[in-house]
1. Scan segment 219-248 for residues that are under 21 Å from GLY293 (Cβ atoms), assigned to a helix (DSSP H, G or I) and in contact with a strand residue (DSSP E or B) (Cβ under 7 Å, 6 or more places away or on another chain) and report the count.
2. Quick test for you: out of ALA454, ALA465, pick the one residue that is in contact (Cβ under 8 Å) with a residue 12 or more places away in the chain and not basic (Lys, Arg).
3. Enumerate the helices (runs of 4 or more DSSP H) found wholly within segment 298-375, keeping only those where 2 or more residues are modelled with pLDDT of 60 or more.
4. If I filter segment 155-192 down to residues being part of a loop (DSSP other than H, G, I, E, B), at negative phi and loosely packed, with under 14 Cβ neighbours inside 10 Å, which single residue comes out as modelled with the highest pLDDT?
5. Is there a residue being open to solvent by less than 10 Å² (accessible area, probe 1.4 Å), of a type outside the set (Gly, Ala, Ser) and closer than 22 Å to ALA522 by Cα anywhere in segment 392-410?
6. I'd like the full set of residues that are assigned to a helix (DSSP H, G or I) and at pLDDT 90 or above, limited to segment 140-154.
7. Name the residue that is nearest to ALA47 (Cα to Cα), counting only residues in segment 125-149 that are open to solvent by 30 Å² or more (accessible area, probe 1.4 Å) and among the hydrophobic types (A, V, I, L, M, F, W, C).
Amino acid sequence: MARPRLLDAAASAPLVVIEAHAGTGKSVAAGEIADGDDRTVGWCRLAPGYTDAVDLVGSAIRSLGGQPSELDSIVDLAGELLERLEVAPTTLVVDDYHHAEGDRCDVLLGEVVSLLPPESRIIVVGRTRPAGLLGRVGPTATVIGADDLAFTRDEARELFAARGRSAAAADAWLERHGGWATAVVIGAESAGNPEADTADLVALLLDDERLADLGPILVELASLPYLTADLAGAIRPGGADDLVRAGQLTSLVSESDGYWRLGADAGSVVLERSDPAVVASTRRAAAVALEPGDPGAAIDLHLRVGDHHRAADVLHANLSTVGPDRALRWLYELPADTRRRFPPSVSAGRATVNLDAAVVSARHRVDAAGDNDERREALLSLGSIHAGRGELADAADALDAAARASTAGSASAAAVNFQLGLARWWAGDTAGSRAALLLAGDTVLTAWVGGNLALAEGDIETVEALGARAVELAGSEPGATTAPGNSLQALAALTRGELDPAGELAASAYATALDHGGLDLAAAAVAHGWALARTGNLEEAAAVADTLQRRVGRQDMHARVQAALLRRELSRISGDTETRERDERRVRDLRALGY
């Protein structure tokens, strides 16, 4: 139903912010505003694990038919997005903005809005008020809140009349339920008594004979966080057609940018009526189908049906994209024996996460720990995040405390001591790092750290031996790859001047690590970048440094140091004095942290 007053409110603003709680019709209003003129429309959505400015710009450009580049800085990202918004009069909708990392997304959109051509605009939709963004754009923004989205008496009467209901029914409904969009829609579609509960009215709607053969798709909608046509078809033949039919028959099934959902009240009623075995089977099928494109949703679904080992496999394969806060939440839901696979790489396996928020969350977990095991794992998380932020002294303090809370010789003690050895290596404490690594045991990653310590001392034979040991261990260690071991062997060969074998080993390690991220990518990118630099492939080496910075270095200071060192070497080789001075300053600034 058209609501002209919302169109009028948003008519001339370059930025429209729609903020309200669930069920108020935010996305519907955004769609109405976006479709209310002749502009090109792009629609992107943020989600847990996909919350950074890079994610926002990438999905926005794809929604407008473009292909995003490999940029990371706010200025570059703003320029890239502006180029797309200047091609033609455009409305860009950014949905679920409450997931956004404000320290990057607010700055990004603030830059874009200030330079936006007058024929284009941005609509931001979320459950919370984006104070940082509004503070940057000032009075140029129009804010539409829950009170604005609520149906007026005239609008409710119009909607009821379109469904064959009387004005008196609309008035009685508003008297009981107010203008909340979900309730108004339910009331308009139901012939029920306005005194009935919303759940009763939903049940009445679901008993509509027109929906009699759509039971399977309603169960799927109720069981899953969302459905797309592709996902519906992957779960069940004919699912995509049923999805469209359900959307045509009842507005309780809504679609936005290809994502279909069932209203929360309706979903609860459907689940109450459904066979738990059918719900579990639906979630398993959806989880498998979602693994390549939305691993976070797949992990959630695997955990809901108790498939812990499958959830662990998906998490391990996607650790570099889901971020530590999300990863740690899932880790606490996994059995203890499964969790042991993860702590060594959790701190480096992040791509899109706000570490300021993560450290606050980790401190809260330390304070709220109910027993020694919870405290140890919370301290491990806190130390890992401090290390990623470059706060090496704080990292060592937290990890020391975690080590004291660990049982000597246990798997948890090994995980803590590996992280401690890692942080001490980064701080240049060779003896302290080796002492911690001895307690961490013989693993691929402890061999890799030990090899780096030997490399700093010029002991190339030990570097090569530890590289070979890491490759050997990768064959039997769950979740491990040959990337760290091959990286060490490549660096040993490079130090000897054996460029061809170094290049082959480094390229192999890098190809393996690209699929795994985390410490594997940190190890391989360094070796591959230096091998390319030594053989004169400067552009390829620069691309590797960019990948290291983007995939790991954005939230891991040691990887950022390594990327900066490689860029400094490339500017030295190319003779670019101005760039070299900038890179030199960057290395000095990073090393001032203690690396």
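The values are calculated or read from the model by the stated rules, or taken from the named source; none is laboratory data. No experiment lies behind these values; they were computed from the predicted model shown. Cβ atoms come from the backbone with ideal geometry, glycine included; neighbour counts cover every protein chain shown. Note: areas computed on protein heavy atoms with side chains; ligands, DNA, RNA excluded. Shrake-Rupley method; radii C 1.70, N 1.55, O 1.52, S 1.80 Å.
1. Count: 3.
2. The unique qualifying residue is ALA454.
3. 308-317, 319-322, 324-331, 355-368
4. SER166
5. yes
6. Matches in segment 140-154: ARG153, ASP154.
7. Here the residue is ALA131.
To keep it simple, each residue is scored yes or no on (1) under 22 Å from LEU71 (Cβ atoms); (2) in a helix (DSSP H, G or I); (3) open to solvent by 30 Å² or more (accessible area, probe 1.4 Å).
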position: SER508; (1), (2), (3): no, yes, yes
position: HIS528; (1), (2), (3): yes, yes, no
position: ALA531; (1), (2), (3): no, yes, no
position: GLY536; (1), (2), (3): no, no, yes
